[in-house]
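Asks: Handing you this structure, nothing more for now.
The values are calculated or read from the model by the stated rules, or taken from the named source; none is laboratory data. Bear in mind that the values here come from a model prediction, so they are computed numbers and not experimental data. Quick reminder, even Gly has a Cβ in these numbers, built from the backbone with ideal geometry, and neighbours come from all protein chains shown. Remember, those area values only see protein heavy atoms, side chains included, never the ligands or the DNA or RNA. Shrake-Rupley method; radii C 1.70, N 1.55, O 1.52, S 1.80 Å.
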Amino acid sequence: MYLECPAKYKFKYIDKLPEKSKHFFSFGNSVHKTLEFFYSSKETLLPTLEQVIEYYEENWISAGYKDELQEAKYLNDGKKIITLFYNKHSRNYSAAFSVEYLFNIEIEGVPVTGKIDLIEKLPDGKLSISDYKTGKSLAKDRVLTDNQLTIYQIACEELLGSEVGRLSFYHLPTLTEQVTERRSPTQVSNFKRQVVEVAEAITANKFEPTPDKMKCFWCDFKNVCPVFTK
């Protein structure tokens, strides 16, 4: 978020200003929690589709929808996604190595935290890391450069003691994956340097806004941002 707009980072994480609930976050979290349930069964005990759908409905998050009609549509869309996902992945089901793995590490002295959707063991003993995406689309080849997967690789190899062999973004609405091998040493090094640079800028209170038409349109902090209050 700091790289997107330093001012937005300050408003959210330092000033802790309130934000409007957003339906797409609620929808994504509802589906994520259900897939966590799907993969959390012990050993090879596969939950039934009925159990998975029931869990989804009982843990549905309602915040942020503009009306009951929109919420009902998303609820039904989620059922379709989960059903198709279940039919595809229940055939060769095995419990995951870890789901919703919470980590806390330090990168060059900077504390970093995160949560990984799914970690699996590959046949050669290496780790496979997957991150679910529930948006309408996923940018082509995003998996090759996205910092999210870079930090996941660093955290897993530091805390779990196994090499990462596979990184993926799983686009749930289309049941398709973008897959790549592990990040190169150069990518890891560049990312670590970026973490340090951002941390130093935050510590130095550098929070100038970087306006952008589309990003600003969706921002909840326009009423306090100097770009707009002027």
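Asks: Starting with the highest mean, order 185-193, 163-171 by the number of other Cβ atoms within 10 Å, averaged over the residues of each peptide.
Replies: Going from most to least packed, we get 163-171, 185-193.
Asks: Taking a probe of 1.4 angstrom, what is the accessible area of E208 in Å², to the nearest 10?
Replies: Probe radius 1.4 Å; accessible area of E208 about 140 Å².
Asks: Then there's this: Between Q148 and T186, what length in nm is gained on full extension when 0.36 nm per residue of separation is reduced by their alpha carbon distance?
Replies: Net length gain for the segment: 12.1 nm.
Asks: Using the heavy atoms of the protein chains and a 1.4 angstrom probe, tell me the accessible area per residue for region 1-95 in square angstrom. Write down the numbers at each step before the final one.
Replies: Details: 5890 Å² over 95 residues.
Accessible area per residue: 62 Å².
Asks: So what's the back-of-envelope 222 nm ellipticity for the chain, counting only DSSP H runs of four-plus at -39500 (n - 2.57) apiece and dividing by all residues, rounded to 500?
Replies: -12500 deg cm²/dmol
Asks: Under 5 Å between amide hydrogens, which residues at least 5 positions from Y132 or on another chain qualify, with H placed 1.01 Å from N in the peptide plane?
Replies: Residues meeting the amide H criterion: D117, Y170.
Asks: A further question on this structure: Please enumerate, by chain and number, the lysines with C-alpha under 17 Å from the C-alpha of K66, excluding those fewer than 8 residues away in the same chain.
Replies: Candidates past the 8-residue exclusion: K20, K22.
Asks: For region 136-197, what is the accessible area per residue in Å², given a 1.4 Å probe and the full set of protein chains?
Replies: 53 Å²
Asks: Between N59 and V196, 0.36 nm times their residue separation minus their Cα-Cα distance comes to what?
Replies: Length difference between fully extended and current span is 45.5 nm.
Asks: What translational diffusion coefficient, in µm²/s and rounded to a whole number, does the Stokes-Einstein relation yield for region 104-230 at 4 °C and a viscosity of 1.567 mPa s, taking the hydrodynamic radius as the Kirkwood radius over Cα pairs?
Replies: Details: Rh = 16.9 Å.
D = 77 µm²/s.
Asks: Would you mind giving the three semi-axes, in whole Å and largest first, of the ellipsoid equivalent to region 136-188 according to its Cα gyration tensor? Walk me through the numbers on the way to the answer.
Replies: Working: eigenvalues 96, 28, 15 Å².
The equivalent ellipsoid of region 136-188 has semi-axes of 22, 12, 9 Å.
Asks: Check which residues have an amide H placed less than 5 Å from G114's amide H, if you skip close sequence neighbours.
Replies: Excluding prolines and chain starts, which carry no amide H, the hits are F103.
Asks: Hey, another quick one. Under a Cβ-only charge scheme (Lys and Arg +1, Asp and Glu -1), can you give me the dipole magnitude of region 81-230 about the Cα centre, in debye to the nearest 20?
Replies: Computed about the Cα centre, the dipole is about 600 debye.
Asks: Sticking with this one: Need the C-alpha centroid separation for region 188-230 versus region 10-37, integer Å.
Replies: With region 188-230 and region 10-37 each reduced to a Cα centre, they are spaced 19 Å.
Asks: P(r) of region 31-139 in 10 Å steps, Cα pairs, percent per bin?
Replies: Each 10 Å bin holds this share of Cα pairs: 12, 37, 33, 15, 3.
Asks: How many percent of the accessible area of the chain is carbon or sulfur, using a 1.4 Å probe?
Replies: Taking all protein chains in place, the chain shows 53 percent carbon and sulfur surface.
Asks: Can I ask one more? Residues in region 1-37, backbone N under 12 Å from the label point at N205 (7 Å along the Cα-to-beta-carbon vector): list them, ranges by number please.
Replies: None, by backbone N distance to the label point.
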